[in-house]
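Chemist: Can you read through this structure? Questions will come right after.
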Amino acid sequence: EVIWPAGYVLRTYPRREAIAHFRAVYDEAFRGLPSYQPYTSAAEVDEALAVSANLRFAVQGDRPVGFVWARMVHAELGEIEPIGVAAAHQGCGLGAVLLAEGLHYLAGRGGQQVRLGVWADNQRAIRLYQQFGFRHVDSRYFLARTIE
């Protein structure tokens, strides 16, 4: 059972609303961070969002302020990525509650293992995930450059 902090509730939305809310909260959560990779269009999210219920929101009043995107990869493997909390609501436990909600959601769909991704420099998130029993299993190495 997931216990929500006072004043926050879990909510899902129909597809178009979910996409709009996700893009807005994602920007509030990650804009300004070195790892920020904005979803530049609703079509980009729409293409990746197979089931609107996979995108679950922490809502205060009528305003979404956090989300967890949890989906089944195959029969027993789930994936959680991303999790985000708007900057003004960070530090009150919503990240942990959203992670617990994602795990609960995947377990209800037959998930027996779950994977998630995190930027190597996001120590705060890594500590949270480790508290939930996640451990390091793989690293990816990306290179980038500006095209002139």
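Chemist: Can you pull out every residue in the stretch 78-115 that is over 23 Å from Ala6 (Cα atoms), outside any helix (DSSP H, G or I) and open to solvent by 30 Å² or more (accessible area, probe 1.4 Å)?
Modeler: Within the stretch 78-115, Glu79, Glu81, Gly108, Arg109, Gly110, Gln112, Gln113, Val114, Arg115 qualify.
Chemist: Considering every residue within the stretch 117-131, establish whether at least one is under 20 Å from Ala18 (Cβ atoms) and among the aliphatic types (A, V, I, L, M).
Modeler: No, the stretch 117-131 contains no residue that is under 20 Å from Ala18 (Cβ atoms) and among the aliphatic types (A, V, I, L, M).
Chemist: Of all residues being aliphatic (A, V, I, L, M) and out of contact with any strand residue (DSSP E or B) (no Cβ under 7 Å at 6 or more places or on another chain) in the stretch 52-76, which is surrounded by the fewest Cβ atoms within 10 Å (Cβ to Cβ)? Just the residue, please.
Modeler: Ala75
Chemist: Being among the β-branched types (Val, Ile, Thr), touching a residue at least 24 places away in the same chain (Cβ under 8 Å), open to solvent by 30 Å² or more (accessible area, probe 1.4 Å) and touching an Asp or Glu at 6+ places or on another chain (Cβ under 9 Å), is that true of even one residue in the stretch 117-139?
Modeler: No, the stretch 117-139 contains no residue that is among the β-branched types (Val, Ile, Thr), touching a residue at least 24 places away in the same chain (Cβ under 8 Å), open to solvent by 30 Å² or more (accessible area, probe 1.4 Å) and touching an Asp or Glu at 6+ places or on another chain (Cβ under 9 Å).
Chemist: Could you list, in sequence order, all residues of the stretch 39-56 that are within 12 Å of Gly84 (Cβ to Cβ) and without any contact (Cβ under 8 Å) to a residue 24 or more places away in the chain? Quick ask: steps written out before the conclusion?
Modeler: First, pick out the residues of the stretch 39-56 that are within 12 Å of Gly84 (Cβ to Cβ): 39, 55-56.
Hit for the stretch 39-56 is Tyr39, nothing else.
Chemist: Something else: If you go through the stretch 30-55, how many residues are among the hydroxyl-bearing types (Ser, Thr, Tyr) and in a helix (DSSP H, G or I)? Steps first, answer last, please.
Modeler: The first filter runs over the stretch 30-55 and keeps only residues among the hydroxyl-bearing types (Ser, Thr, Tyr), leaving 35-36, 39-41, 52.
Add one more test, that the residue is in a helix (DSSP H, G or I), and what stays is 52.
Number satisfying all stated conditions: 1.
Chemist: I want to confirm something. Restricting to the stretch 30-48 and keeping residues that are charged (D, E, K, R) and open to solvent by 70 Å² or more (accessible area, probe 1.4 Å), which single residue is modelled with the highest pLDDT?
Modeler: The qualifying residue modelled with the highest pLDDT is Arg31.
Chemist: Also, quick follow-up: Within the stretch 62-69, is even one residue touching a residue at least 12 places away in the same chain (Cβ under 8 Å), small (Gly, Ala, Ser) and out of contact with any Lys or Arg (no Cβ under 7 Å at 6 or more places or on another chain)?
Modeler: For the stretch 62-69, residues touching a residue at least 12 places away in the same chain (Cβ under 8 Å), small (Gly, Ala, Ser) and out of contact with any Lys or Arg (no Cβ under 7 Å at 6 or more places or on another chain): present.
Chemist: Here's another thing I want to ask about it. Could you grab me the full set of residues in the stretch 1-29 that are open to solvent by 40 Å² or more (accessible area, probe 1.4 Å), part of a helix (DSSP H, G or I) and in contact (Cβ under 8 Å) with a residue 40 or more places away in the chain?
Modeler: Once the filter is applied, which keeps residues that are open to solvent by 40 Å² or more (accessible area, probe 1.4 Å), part of a helix (DSSP H, G or I) and in contact (Cβ under 8 Å) with a residue 40 or more places away in the chain, the stretch 1-29 yields His21, Ala24, Glu28.
The values are calculated or read from the model by the stated rules, or taken from the named source; none is laboratory data. Being a predicted model, the structure only gives us computed values, none of them experimental. Quick reminder, even Gly has a Cβ in these numbers, built from the backbone with ideal geometry, and neighbours come from all protein chains shown. Areas reflect the complete protein model, heavy atoms only, side chains present, ligands, DNA and RNA absent. Shrake-Rupley method; radii C 1.70, N 1.55, O 1.52, S 1.80 Å.
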